[in-house]
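Contents: one structure, followed by commentary.
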Amino acid sequence: MADLYPDYDGVVYKYVTDTWANVRNATSGTLNTVSSFHITNSHDSGRGGNTYQIGRYFIEFDTSGITSALDSATLRLYGLTSDTLDVILLKSSHTGDVAAGDFEQITNGATPLGNSDGSGAGTFASTSVVEYSSEIATWSTSGYNDIALNSDALTDIVDNNTFNCVLVGYDYDYLDIAPSSALYRVNFYQDSQSGTDKDPYIDYTVAVAVADDAVFFGANF
């Protein structure tokens, strides 16, 4: 097994009084790269109207040195404080330093984001958005959370010089279901935290190659 730490990471979130559709389909948000942060899907109502928050965690890894097929890989995020949001990892199209304008940079996400209505019309499910994991329905607030990467992720790690992904809320952002008077959140450490004992990283295993001419001989005695 080997470990791979990110070159760039950061949360981009949109928190504003507006419609769910406009917040989810926004072209930019607010960038946060402090040592620990969160992604949130929430709704508050008041005299000023409906206020929604959507956060997305973007990560980029240098995978240029990985050229052999992988047997498995796991993204590990060290959690803390909050554990009320289910999440899923998707392919992203951001590159380099994460920026406020990366909020919408979900690969093939333009059409479903444009269809956002808070009732599921803009779901990412069964679209060309690339899922890198299944839904993560449990979250540790005192240790690493293991996100098993699927075959699409393993292929992209090997085939591309960078592996770019984004963690989003599953029940609300991914499915395009607007929360009602509620706050759902997961907290985790980002790469900027001091030291490496709680840093995000990918743990991967290279597949064992089997020689084409390997032959098993058996004999009866």
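Okay, here's what the table says:
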read-out: Charge dipole magnitude, Cβ of K and R +1, D and E -1 - the chain, Cα centre, debye nearest 20; value: 760
read-out: Alpha carbon convex hull of segment 77-134, volume per residue in cubic angstrom; value: 136
read-out: Ordering of 189-197, 176-184 by packing [mean C-beta count within 10 Å, highest first]; value: 176-184, 189-197
read-out: Residue 121-residue 35 FRET efficiency (beta carbon distance; Förster radius 30 Å; 0.05 resolution); value: 0.20
read-out: 1.4 Å probe accessible area per residue over the chain, in Å²; value: 47
read-out: Cα coordinate range in segment 98-221, projected on the principal axes (Å, largest first); value: 76, 38, 31
read-out: Distance in nm between pseudo-label sites at residue 160 and residue 137 (7 Å out along the Cβ direction from Cα); value: 2.9
read-out: Volume per residue of the C-alpha convex hull in segment 21-147, rounded to whole Å³; value: 148
read-out: Two-decimal Rg to Rh for the chain - Kirkwood Rh, Cα set; value: 1.06
read-out: With every protein chain in place, segment 1-50: carbon and sulfur % of accessible area (1.4 Å); value: 42
read-out: Fully extended contour minus Cα-Cα distance, from residue 44 to residue 97, at 0.36 nm per residue; value: 16.0 nm
read-out: Label-point separation in nm, residue 2 to residue 19, each point 7 Å along Cα→Cβ; value: 4.9
read-out: Distance cut-off 12 Å, percentage of C-alpha pairs in segment 1-50 lying past it; value: 72
read-out: Neighbour cut-off at most 16 other Cβ (10 Å), DSSP loop, GluC sites (Glu not before Pro), segment 94-189; value: 135
read-out: Spin-label model distance (nm) - residue 28 vs residue 203, 7 Å beyond Cα toward Cβ; value: 3.9
read-out: Surface share of carbon and sulfur [accessible, 1.4 angstrom probe, percent] for segment 58-128; value: 39
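The values are calculated or read from the model by the stated rules, or taken from the named source; none is laboratory data. Just so it is clear, the model here is predicted, and its values are computed rather than measured. All Cβ positions, even for glycine, are placed from backbone atoms using ideal geometry, and neighbour counts span all protein chains on display. These accessible areas exclude ligands, DNA and RNA; they are computed on the full protein's heavy atoms, side chains included. Shrake-Rupley method; radii C 1.70, N 1.55, O 1.52, S 1.80 Å.
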